1. Just to be sure, is B:G143 free of Cβ contacts under 8 Å to residues at least 24 places away in the same chain, more than 30 Å from B:Q205 (Cα to Cα) and surrounded by fewer than 24 Cβ atoms within 10 Å (Cβ to Cβ)?
2. Does B:M5 meet the test of being under 15 Å from B:L161 (Cα atoms) and more than 11 Å from chain A (Cβ to nearest Cβ)?
3. Which of the residues that make up region B:117-131 are assigned to a loop (DSSP other than H, G, I, E, B) and touching a Phe, Trp or Tyr at 6+ places or on another chain (Cβ under 9 Å)?
4. Using the structure shown, decide if B:Q205 is surrounded by fewer than 18 Cβ atoms within 10 Å (Cβ to Cβ) and either modelled with pLDDT under 95 or over 25 Å from B:T45 (Cα atoms) (or both).
5. Which residues, taken from region A:38-86, are among the charged types (D, E, K, R) and in a strand (DSSP E or B)?
6. Does B:L161 meet the test of being under 18 Å from B:M1 (Cβ atoms) and touching a Phe, Trp or Tyr at 6+ places or on another chain (Cβ under 7 Å)?
7. Please work out which one of (1) assigned to a helix (DSSP H, G or I); (2) touching a strand residue (DSSP E or B) at 6+ places or on another chain (Cβ under 8 Å) is the condition B:L111 fails and give its number.
8. Might you let me know whether region B:121-134 holds any residue that is crowded, with 22+ Cβ neighbours inside 10 Å, over 30 Å from A:A148 (Cα atoms) and either among the small types (G, A, S) or within 11 Å of another protein chain (Cβ to nearest Cβ) (or both)?
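The values are calculated or read from the model by the stated rules, or taken from the named source; none is laboratory data. Owing to the predicted nature of the structure, the values given are computational and were not obtained by experimental measurement. Counting neighbours? That spans all protein chains shown, and the Cβs are built from the backbone with ideal geometry, glycine included.
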Number of protein chains: 2
Amino acid sequence: MHIAMVVYDRFTALDAVGPYEILSRLPDARVDFVAERPGPVRTDTGFLAVTADKALDEVTSPDIVVVAGGPGTAEQLENPALLDWLRAVDARTTWTTSVCSGSLLLAAAGLLKGRRATSHWAALEVLKQFGAEPTGERVVTDGKYVTAAGVSSGIDMGLTLVGRIAGDEHAQAVQLLTEYDPQPPYDAGSPQKAPAHLVEEFRAQSRLTLR
Amino acid sequence: MHIAMVVYDRFTALDAVGPYEILSRLPDARVDFVAERPGPVRTDTGFLAVTADKALDEVTSPDIVVVAGGPGTAEQLENPALLDWLRAVDARTTWTTSVCSGSLLLAAAGLLKGRRATSHWAALEVLKQFGAEPTGERVVTDGKYVTAAGVSSGIDMGLTLVGRIAGDEHAQAVQLLTEYDPQPPYDAGSPQKAPAHLVEEFRAQSRLTLR
């Protein structure tokens, strides 16, 4: 099972590392972090770089593609090299997936037209403009396309996929290994649950940074 | 607020990236990934490397130290350079913290003697041998020492710390930004909840790999 984790300048680290940590525990998993050019790729905060071991053109037929999101997504929406690659590998994948605003890249590549999908809650409207049908669920499966909501949701997506691919028991073993028994000290993880003024402040900020 | 994320060969990526993603959203945060030698550091699966921008001896007075865990911990327990550094910086930190088996390194450095602490569920017995008092909680605070359970628990620890440092509202804003509204598709994230035979299999395997 060959998994390609797609990253680019100013992606959000947890978008990629959450599902990587889970999917890399699939039986016979082989994971490549892939970017347009191999080498260190800086995340959105500037404080962390992960190594892309492979260039896009070195990875031609992954079984699973996972596209991370982040503030850098906006720039990649205009990057034909990445969008062409997504279309090309999608023709051969078993699963084409995304976390957070990564779904905007799948949609911009034309892969989510008319499909149920999700994204970071603040990006759902943009996802719709690209012809997808946004839902409010945390992990959305439509055929072989699996999209997850913001940042941390890639962990839930990873476990969902491991269950589909390797069975419930293997997924439970991975959940146990990663001690994924979440106990957030607050209950503000969605726009429905967070204080309304925090939701408004975030929307105002992301309008400034994403457009 | 200067945060040092301590990594080493064969650490577990999510141990570090979970709390990094949360703590890097503190007001005026500055984060350094730190290792004995700067450069790419391979994680436990071999599939991912993160860049340590700083060597241990370049980071002398961080406000927060976060020590990641992973299979590589066993080797670091015998690494005086790391243990000496932990003792030295601990004299000046506001918070000294760990995720997963990272707490064994704090304990081996003598920092958790007689303190309530936690670790990956499979490492609690070893933590006790180092003189700490293991608890079954997911995030344990004893004075300025904050230890988290296995792998994914560093996200909960991060939010707990952000709340203590910057207030509940800032922590809720970070939870909303990272859409941390976990919905695991299974409920097997602790040895109490997982099927008993999976717990036994994991214990048997980790005895092989950790000793």
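1. Details: free of Cβ contacts under 8 Å to residues at least 24 places away in the same chain: no; more than 30 Å from B:Q205 (Cα to Cα): yes; surrounded by fewer than 24 Cβ atoms within 10 Å (Cβ to Cβ): yes.
No, not satisfied.
2. Details: under 15 Å from B:L161 (Cα atoms): yes; more than 11 Å from chain A (Cβ to nearest Cβ): no.
So B:M5 does not fit the description; no.
3. Initial filter on region B:117-131 (assigned to a loop (DSSP other than H, G, I, E, B)): B:118-120, B:130-131.
Result: no residue meets the conditions.
4. Values: surrounded by fewer than 18 Cβ atoms within 10 Å (Cβ to Cβ): yes; either modelled with pLDDT under 95 or over 25 Å from B:T45 (Cα atoms) (or both): yes.
Criteria met by B:Q205.
5. So in region A:38-86, the residues among the charged types (D, E, K, R) come out as A:42, A:44, A:53-54, A:57-58, A:63, A:75, A:78, A:84.
Correct list: A:R42, A:K54.
6. On the way: under 18 Å from B:M1 (Cβ atoms): yes; touching a Phe, Trp or Tyr at 6+ places or on another chain (Cβ under 7 Å): yes.
So B:L161 fits the description; yes.
7. (1)
8. yes
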